[in-house]
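Chemist: Pasting a structure here, questions to come.
The values are calculated or read from the model by the stated rules, or taken from the named source; none is laboratory data. All values derive from a computational prediction rather than experimental measurement. Glycine also receives a Cβ, built like all others from the backbone with ideal geometry; neighbour counts cover every protein chain displayed. All accessible areas refer to the heavy atoms of the entire protein, side chains included, with ligands and DNA or RNA removed. Shrake-Rupley method; radii C 1.70, N 1.55, O 1.52, S 1.80 Å.
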Amino acid sequence: MLNMVFYGLHVLLLVAFLATVSTAWTTPIGSQHRRESTIIIRSTNNVNDDTSITTRRELLHKTIRIGASTPAAALTLSALTHHPESASASTRPEEKKCDPGDARCRQGGELADDVPSGQPIPAVTNRITYVVQMIVDVGERRENDAGYLRFGLYGDDCPGSVKQLLLFLTRGIKSMNMDALEDALEVDYAPVSLMDGSGSVQNICSGKGIDFGVPSQSKAYSRSRGLRTAGPYFVPQGRPTPTLEGEAFPRPHSVAGLISVPAKGIGYGDASSGSGIIASELSDDEIFASAFTITAQEAAPLDKPNTAQQQRVIGQIIDNESMQFLERLANLPVQKKVGKVSSGPPLLKVRVRDVDVQKVKNESGKKGKKKSR
C-alpha cells in the first residue's frame, strides 16, 4: 500500500516536469526580444536593401538560439540595431550665422572674439572749423544699438563743400529753380536733408568705407508728413549748381576716418566707396543716395583726378570712440547681390537719429554755436 502511494507521487511529479519542459520548448527564451529586435531592424534599415536585412535577420536568430539573455547577446543586438552613419547625420549641427545686431558680428556671418577696436585717429593736417556729432542707430532703436560719429570739417580749405554738407546735415539743400515753378499751380517740394527721418547708411564696402545719404526724396517727404505716398505733385530737388570741382583738395584718402564728398559736390556721386552708383543712371529722386563717405581704410581710387570716382576730403574723425564705431559699421553684414559679395546695403537698417553741429572758436576767441534741433 505504501509502495502504491510513493508510485503515485512519482507519476504526478513526472507529469508536472514534462509540462514545464513542453512549455519552455514551445516558447524559446528571448522570443520577445527577437520580435522587438526584428521590428527595430526593419524600421532603421534601408527598405531597398534586401540582402542586408536577410543577413541581419539570420545573425539575429542565431544569436537568440545561442542565448539572447546573455551579456554577449545583448552586445550583439546593440550592434545590429545601431547605425552610426544615421546618428551622425541626424545629430550634425547646422551652420548658424551670428546675429547682425551683435557688435561682434562681421561680414559673412562670422562672430569675432571681441568688439572691433578701430584704427588710429587720423592726424590733424588742416584747421577744423566745425565739429559734427551724429547719433546713428543700428537695427532697432535701442540705446545699446546706437553709436556716435564725431568729426571735424575743414571750413577754411574747402568752404563751399563744407557749407553744402552742413546744409545737408541740418536744414537741407534747396537746389531747384524756384523761378521755373512760379507758374505751377500745385507743387509739393522740400529741402533734402539727412535729418528728415530717412538719412541712413546706403552702402557698405566691407572694411573700406560707408556711404551716408537719402535714398529717395519722395519717400522721405511722405514719411516726414505721415503720408502713404508723396503724391503726383511732388518735385524732388535737383543737383546743386554751380558745381565745386574747382575747389581745393586738402588731403588724399590715405587713412581711415576721413570725411569725403564727390568732387563736383553732393548729388554728383558716382562710385563712392565702391558702391557702384552711377550718377547718370539715377533719377532726381535718388541723386542724394550717396551724399558723403567715411573711409575705413586708405582709398586711393577716390583721389584719381578728372574721373567719376574722384572725391574731396573735407574733414576727419576726431576721437577713438567714433573710430571704434566706424569699424563696426564698416564690417556689418550686407545684403548679398549677384556678383557683389563684399559691398552693398547693410543687412540691418542703419539710420541717423540726430545731428549736432558746433562752430569751433576762431582766432579772436569768439565762438559760435549751431544746433540742428
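Chemist: Where residues in the range 328-350 are open to solvent by less than 70 Å² (accessible area, probe 1.4 Å) and in a strand (DSSP E or B), which of them is modelled with the highest pLDDT?
Modeler: Of everything passing the filter in the range 328-350, V350 is modelled with the highest pLDDT.
Chemist: Collect the residues in the range 212-267 that are of a type in the set (V, I, T), under 20 Å from L194 (Cα atoms) and surrounded by fewer than 24 Cβ atoms within 10 Å (Cβ to Cβ), keeping them in residue-number order.
Modeler: Filtering the range 212-267 down to residues of a type in the set (V, I, T) leaves 214, 229, 235, 241, 243, 255, 259, 261, 266.
Filter again for under 20 Å from L194 (Cα atoms), leaving 214, 229, 235, 241, 259, 261, 266.
Selection gives T229, V235, T241.
Chemist: So, one more: Cβ-Cβ under 9 Å, sequence separation 6+ or interchain: first residue in the range 233-248 and among the aliphatic types (A, V, I, L, M), partner in a loop (DSSP other than H, G, I, E, B) and open to solvent by 50 Å² or more (accessible area, probe 1.4 Å). Which pairs?
Modeler: V235/Y189; L244/K264; A248/D157
Chemist: The conditions are (1) at pLDDT below 95; (2) under 20 Å from L329 (Cα atoms); (3) open to solvent by less than 40 Å² (accessible area, probe 1.4 Å); (4) out of contact with any Leu (no Cβ under 8 Å at 6 or more places or on another chain), and G274 fails exactly one of them. Which is it?
Modeler: With respect to (1) at pLDDT below 95; (2) under 20 Å from L329 (Cα atoms); (3) open to solvent by less than 40 Å² (accessible area, probe 1.4 Å); (4) out of contact with any Leu (no Cβ under 8 Å at 6 or more places or on another chain), G274 is out only on (3).
Chemist: Taking only pairs six or more apart or across chains, which ones have beta-carbon atoms under 8 Å, a first residue in the range 158-176 that is within 12 Å of V355 (Cβ to Cβ) and of a type in the set (S, T, N, Q), and a second residue that is modelled with pLDDT under 95 and part of a loop (DSSP other than H, G, I, E, B)?
Modeler: T170/S193; T170/M195; T170/S372
Chemist: Quick one: is S198 in a loop (DSSP other than H, G, I, E, B), under 29 Å from V334 (Cβ atoms) and either modelled with pLDDT of 95 or more or open to solvent by less than 20 Å² (accessible area, probe 1.4 Å) (or both)?
Modeler: Details: in a loop (DSSP other than H, G, I, E, B): yes; under 29 Å from V334 (Cβ atoms): yes; either modelled with pLDDT of 95 or more or open to solvent by less than 20 Å² (accessible area, probe 1.4 Å) (or both): yes.
Considered against the rule, which asks whether it is in a loop (DSSP other than H, G, I, E, B), under 29 Å from V334 (Cβ atoms) and either modelled with pLDDT of 95 or more or open to solvent by less than 20 Å² (accessible area, probe 1.4 Å) (or both), S198 comes out as yes.
Chemist: Same structure, new question: When you scan the range 277-293, how many residues do you find that are open to solvent by 20 Å² or more (accessible area, probe 1.4 Å) and either not hydrophobic (A, V, I, L, M, F, W, C) or not in a loop (DSSP other than H, G, I, E, B) (or both)?
Modeler: Of the range 277-293, the ones open to solvent by 20 Å² or more (accessible area, probe 1.4 Å) are 277-278, 280-286.
Filter again for either not hydrophobic (A, V, I, L, M, F, W, C) or not in a loop (DSSP other than H, G, I, E, B) (or both), leaving 280-281, 283-286.
Residues in the range 277-293 being open to solvent by 20 Å² or more (accessible area, probe 1.4 Å) and either not hydrophobic (A, V, I, L, M, F, W, C) or not in a loop (DSSP other than H, G, I, E, B) (or both): 6 in total.
Chemist: Output the residues belonging to the range 294-319 that are charged (D, E, K, R) and either assigned to a strand (DSSP E or B) or open to solvent by less than 60 Å² (accessible area, probe 1.4 Å) (or both).
Modeler: Correct list: D303, R312, D319.
Chemist: Have a look at R141, R127, R150 and point out the one that is modelled with pLDDT of 95 or more, part of a loop (DSSP other than H, G, I, E, B) and either open to solvent by 30 Å² or more (accessible area, probe 1.4 Å) or out of contact with any Gly (no Cβ under 7 Å at 6 or more places or on another chain) (or both).
Modeler: Going through R141, R127, R150 in turn, just one is modelled with pLDDT of 95 or more, part of a loop (DSSP other than H, G, I, E, B) and either open to solvent by 30 Å² or more (accessible area, probe 1.4 Å) or out of contact with any Gly (no Cβ under 7 Å at 6 or more places or on another chain) (or both): R127.
Chemist: Restricting to the range 212-270, count the residues that are hydrophobic (A, V, I, L, M, F, W, C) and under 17 Å from G315 (Cα atoms).
Modeler: Applying the first criterion (hydrophobic (A, V, I, L, M, F, W, C)) to the range 212-270 yields 212, 214, 220, 227, 230, 234-235, 244, 248-249, 255-256, 258-259, 261, 263, 266.
Going one step further and asking which of them are under 17 Å from G315 (Cα atoms), we end up with 212, 244, 248-249, 255-256, 258-259, 261, 263, 266.
Final tally of qualifying residues: 11.
Chemist: Ok, one more. K371 versus (1) open to solvent by less than 50 Å² (accessible area, probe 1.4 Å); (2) under 22 Å from S198 (Cβ atoms); (3) at pLDDT below 65: which is the lone unmet condition?
Modeler: So the condition that K371 fails would be (1).
Chemist: For the range 240-269, how many residues meet the condition of being modelled with pLDDT of 95 or more and acidic (D, E)?
Modeler: 1
Chemist: I204: modelled with pLDDT under 90 and either buried (at least 19 other Cβ atoms within 10 Å of the Cβ) or closer than 13 Å to Q311 by Cα (or both), yes or no?
Modeler: Criteria met by I204.
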